[in-house]
Amino acid sequence: MPREYFFTNVEEKIMDRPQLKTRLYFCMWSDLLGFGNQFFQNNWQLSETDKFQIYLRLNNAHSIVLQQTSPSERVFILNDGIAKVTEIKLSPTDLTPLLNVSLFFRGIILTHINIIQSENKTNLPGCRTVVSFGEGIEYITREIKYDDFLFNYCRKNPHELGKSSKINGNPTILYNPVELQMNTAFSKSYILESGGSKAGLSGANLFIDSSVLNVMDKLCEMHKYEKVISESADTICILYKHPDDVNRVCLGFELSKPIKPTGIPWQTEVFKILRFYPHDEDINEFWFDLVNIGANFK
């Protein structure tokens, strides 16, 4: 319907529903450990010193996230929580899906390591991070601006900003990023991380849900990469290798044995990442060590 049929742009945005389409996402949710303790211990009455300490902690962690984010990713920050999302396509015509996933994980690994290393310098506990895979559905408008609430009959030109919107800068009233709309990867990561030690996910560690490995297997098979698995008593090593280069991988994980989370309302397994092998290094010479984060490069 033409814009002049609506009283406001809000009405138009509500009626203009996006086409039902499923998108596929990897999502990281990372949370600063013990963040609420300072509020609870002080009964939510913070001194200026407390506020400055919190300010520094958030500024530091979020600066690290920004330094490890690429233009193909989307980041959502809410207080001490950080979501990072990237869309993938299960298509044989997409020639770089494994490389894109590898770069996404490298950014997550560096974010997690750098936050913990920085926090350890001031005796802070670091962060716990969970990565999952899932689907997302865009179902409504991505944002509502101040100008959207103005009556259209007040405008000389229905396609221009109203006078009051120009004066106050037309701020955003509603944030609803498409990447997080009905995003099951985000939901899984958030719920698992929130379960913490009670669910079996303790400490400042980085975990992946089994959904990540399941879709990695599909990508590997679709694009003719070789999957190499070796198991010991306590670990599982999974390498996704290009068949033309035996010493390089697209990406690789050394994982703990599976953890079955308790108190989670669905059946899944979670793995702690112990090592990560990036795409651009010889696997015998370099990896990211997530157990000994103080010395994380071999």
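Of everything in the stretch 233-257 that is under 14 Å from Phe271 (Cβ atoms) and loosely packed, with under 14 Cβ neighbours inside 10 Å, the residue that is farthest from the chain's Cα centre (by Cα) is Asp234. Residues that are part of a helix (DSSP H, G or I), hydrophobic (A, V, I, L, M, F, W, C) and over 21 Å from Leu206 (Cα atoms) within the stretch 40-62 comprise Phe40, Phe52, Ile54, Leu56, listed in sequence order. For the stretch 277-292, the tally of residues that are closer than 22 Å to Gly203 by Cβ, of a type in the set (Phe, Trp, Tyr) and not in a strand (DSSP E or B) stands at 1.
With the structure loaded, tell me whether Ile236 is in contact (Cβ under 8 Å) with a residue 60 or more places away in the chain and out of contact with any Gly (no Cβ under 7 Å at 6 or more places or on another chain) or whether it fails that test. Judged against the criteria, Ile236 is not a match. Of all residues in the stretch 85-138, those being outside any helix (DSSP H, G or I), among the β-branched types (Val, Ile, Thr) and either over 17 Å from Gly252 (Cα atoms) or touching a residue at least 40 places away in the same chain (Cβ under 8 Å) (or both) number 9.
Asp282 - would you say it is of a type in the set (D, E, K, R) and farther than 27 Å from Gly134 by Cβ? Spelling it out, Asp282 is indeed of a type in the set (D, E, K, R) and farther than 27 Å from Gly134 by Cβ. Take the conditions (1) touching a residue at least 60 places away in the same chain (Cβ under 8 Å); (2) touching a strand residue (DSSP E or B) at 6+ places or on another chain (Cβ under 7 Å); Ile82 misses just one of them, which is (1). You will find that of Ile115, Ile109, Ile82, the residue that is under 12 Å from the mean Cα position of the chain (by Cα), over 26 Å from Tyr240 (Cα atoms), modelled with pLDDT of 95 or more and crowded, with 19+ Cβ neighbours inside 10 Å is Ile82 and no other.
Yes or no, residue by residue, for (1) of a type in the set (D, E, K, R); (2) at pLDDT below 95; (3) outside any helix (DSSP H, G or I):
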residue	(1), (2), (3)
Phe7	no, yes, yes
Glu12	yes, yes, no
Leu24	no, no, yes
Cys27	no, no, yes
Gln38	no, yes, no
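Among strands (runs of 3 or more DSSP E) entirely within the stretch 139-243, having at least 1 residues that are within 21 Å of Pro261 (Cβ to Cβ) and at pLDDT 95 or above singles out 206-209, 235-241. Across the stretch 83-128, the number of residues qualifying as aromatic (Phe, Trp, Tyr) and touching an Asp or Glu at 6+ places or on another chain (Cβ under 7 Å) comes to 1. Taking the stretch 9-64 as the range and being surrounded by fewer than 13 Cβ atoms within 10 Å (Cβ to Cβ), hydrophobic (A, V, I, L, M, F, W, C) and over 25 Å from the mean Cα position of the chain (by Cα) as the test, the residues that pass are Met15, Phe40, Trp44, Phe52.
In the stretch 149-177, of all residues being in contact with a strand residue (DSSP E or B) (Cβ under 8 Å, 6 or more places away or on another chain) and of a type in the set (A, V, I, L, M), the one that is farthest from Cys27 (Cα to Cα) corresponds to Ile173.
Report yes if some residue within the stretch 179-188 is loosely packed, with under 13 Cβ neighbours inside 10 Å and either touching a Pro at 6+ places or on another chain (Cβ under 8 Å) or within 25 Å of Ser102 (Cα to Cα) (or both); otherwise report no. No, the stretch 179-188 has no match at all. Of the conditions (1) surrounded by 16 or more Cβ atoms within 10 Å (Cβ to Cβ); (2) touching a residue at least 24 places away in the same chain (Cβ under 8 Å); (3) not aromatic (Phe, Trp, Tyr), Pro171 fails just one. Which one is it? Of the numbered conditions (1) surrounded by 16 or more Cβ atoms within 10 Å (Cβ to Cβ); (2) touching a residue at least 24 places away in the same chain (Cβ under 8 Å); (3) not aromatic (Phe, Trp, Tyr), the odd one out for Pro171 is (1). Evaluation of Ser72 against the conditions (1) part of a helix (DSSP H, G or I); (2) touching a strand residue (DSSP E or B) at 6+ places or on another chain (Cβ under 7 Å) shows that the sole unmet condition is (1).
The values are calculated or read from the model by the stated rules, or taken from the named source; none is laboratory data. Computed from a predicted structure; not experimentally measured. Neighbour counts run over all protein chains shown; Cβ positions are idealised from the backbone, glycine included.
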